[in-house]
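The values are calculated or read from the model by the stated rules, or taken from the named source; none is laboratory data. Please read all numbers here as calculations on a predicted model, not as lab measurements. Neighbour counts run over all protein chains shown; Cβ positions are idealised from the backbone, glycine included.
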Amino acid sequence: MCWLCDHPDATHFDYLEHVRDLIACCGFMVQGVEGDRHHSPWAYTVGLTAHGKPELVVTGLSLARSARLLNDVAPHVLHADAPRPGEVVPLRGGPVIEIVEVAEPTAHLYVAVDIFGTKIRALQLVHADDHGHWPWEVGFRGGRGGQPVLGVRASEQPSAGEALQGGGGREALRRSR
């Protein structure tokens, strides 16, 4: 059950104070967003911004699995450099993830925006399915609503030179090989 449901007399401001207390205590917290018939659930961290780090987002997993994944990765981000977009990381006992920069964090990280404002940054932990397929590959098997990718993969972004020449994306890479 959600915190506001457990505290029916509380306001959104009260919830934000609760979030600030968790951040002060633990460095970050995980905010879950329920899915519906057409959209998968997602979860994200709130608090890494206070440490000069990007927030982390997971889509397409149950809220429990998303929270476990974020609670495993976020402490490492607090004490080391944040992963870079395009980095592929095999997690011990977990899925292989690829880091994707979230194009518009303010559209998805509502509580983080309420706490830190619109200048937040975020990285998505995109996970392969049980067969090793990524959401951008044929054969990917995601749950209900799939696994929305909230940005452009680093390997799909044109380099500065390609952008200046008007080329870009995979076609420009194929031509240059």
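One table, with the values for the structure above:
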item: Qualifying position, being under 22 Å from Ala154 (Cα atoms) and among the basic types (Lys, Arg), among Arg92, Arg37, Arg65, Arg84; result: Arg84
item: Output for region 34-86, where each listed residue is aliphatic (A, V, I, L, M), part of a loop (DSSP other than H, G, I, E, B) and touching a residue at least 60 places away in the same chain (Cβ under 8 Å); result: Leu61
item: Gly117 vs. criteria under 17 Å from Val77 (Cβ atoms), out of contact with any Pro (no Cβ under 9 Å at 6 or more places or on another chain) and among the small types (Gly, Ala, Ser); result: no
item: Among the residues listed as Val126, Val57, Val111, the single one being more than 11 Å from the chain's Cα centre (by Cα), under 17 Å from Tyr44 (Cα atoms) and surrounded by 14 or more Cβ atoms within 10 Å (Cβ to Cβ); result: Val111
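For every residue, the table says whether it meets (1) in a loop (DSSP other than H, G, I, E, B); (2) at pLDDT below 50.
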{"position": "Asp129", "(1), (2)": "yes, no"}
{"position": "Val138", "(1), (2)": "yes, no"}
{"position": "Gly142", "(1), (2)": "yes, no"}
{"position": "Pro148", "(1), (2)": "yes, no"}
{"position": "Val152", "(1), (2)": "yes, no"}
{"position": "Pro158", "(1), (2)": "yes, yes"}
{"position": "Leu164", "(1), (2)": "no, yes"}
{"position": "Leu173", "(1), (2)": "no, yes"}
